Amino acid sequence: QVQLVESGGGLVHPGGSLTLSCAASGNILSIFAMGWYRRAPGKQRELVATITTSNNTNYADSVEGRFTISRDNAWSTVYLRMCGLTPEDTADYHCNAASGAGDYWGQGTHVTVSS
């Protein structure tokens with residue numbers, strides 16, 4: 001089992017920045033990739049960014065160049081640095097861990113981008 005707890009969401013003005021954190025605990029040695037997903041109001045969940053054990057990263061086209069995913073070497077925390085935020089980035093952001101035992105999800109943290 002892997003437990004994930006997200007933090008760092010909140011209200012930010014357009015053009016502002018936020019850093020989300022995802023704290024992982026439990027069987028973190030089984031994790032081989034982690035990622036951030038988001039669900040905007042009235043829309044389906046979409047991938048934002050992922051990072052692997054080899055630190056290979058992947059980003060949605062909509063956030064490429066604005067968001068940066070990173071992690072510590074122990075997989076205990078994964079970050080999502082978000083810059084140049086727009087109202088279209090308003091969503092619930094969820095952390096995901098892919099492990100040998102399956103996928104795990106956090107409860108999410110909400111981001112609102114508004115003036």
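The values are calculated or read from the model by the stated rules, or taken from the named source; none is laboratory data. This one's a predicted model, so the numbers in the text were calculated from it and none came from an experiment. Virtual Cβ from ideal backbone geometry, glycine too; neighbours counted across all protein chains shown. Side chains are part of the model used for accessible areas, which takes the heavy atoms of the whole protein and leaves out ligands, DNA and RNA. Shrake-Rupley method; radii C 1.70, N 1.55, O 1.52, S 1.80 Å.
A few points about this structure:
- In segment 41-56, the residues that are loosely packed, with under 15 Cβ neighbours inside 10 Å and β-branched (V, I, T): T53
- R38 vs. criteria open to solvent by 60 Å² or more (accessible area, probe 1.4 Å), among the basic types (K, R) and within 16 Å of the chain's Cα centre (by Cα): no
- The numbered conditions (1) open to solvent by less than 40 Å² (accessible area, probe 1.4 Å); (2) closer than 19 Å to H13 by Cβ; (3) not hydrophobic (A, V, I, L, M, F, W, C) are all true for S115 except (1).
- From the list V78, V12, V63, the lone residue that is at pLDDT 95 or above, buried (at least 17 other Cβ atoms within 10 Å of the Cβ) and touching a Cys at 6+ places or on another chain (Cβ under 6 Å) is V78.
- Inter-residue pairs, beta-carbon under 6 Å, first closer than 16 Å to R38 by Cα and open to solvent by less than 20 Å² (accessible area, probe 1.4 Å) and in segment 95-106, second assigned to a strand (DSSP E or B) and among the acidic types (D, E), 6+ apart: C95/E6; G106/E6
- Once segment 81-94 is narrowed to residues that are assigned to a loop (DSSP other than H, G, I, E, B) and among the hydroxyl-bearing types (S, T, Y), the residue that is surrounded by the fewest Cβ atoms within 10 Å (Cβ to Cβ) is T86.
- Residue list for segment 66-75, filter: closer than 12 Å to M34 by Cα, open to solvent by 20 Å² or more (accessible area, probe 1.4 Å) and within 13 Å of the chain's Cα centre (by Cα): S70, R71
- Close Cβ contacts (under 6 Å, 6 or more residues apart or on different chains) running from residues in segment 1-29 that are free of Cβ contacts under 8 Å to residues at least 24 places away in the same chain to residues that are surrounded by 14 or more Cβ atoms within 10 Å (Cβ to Cβ) are absent.
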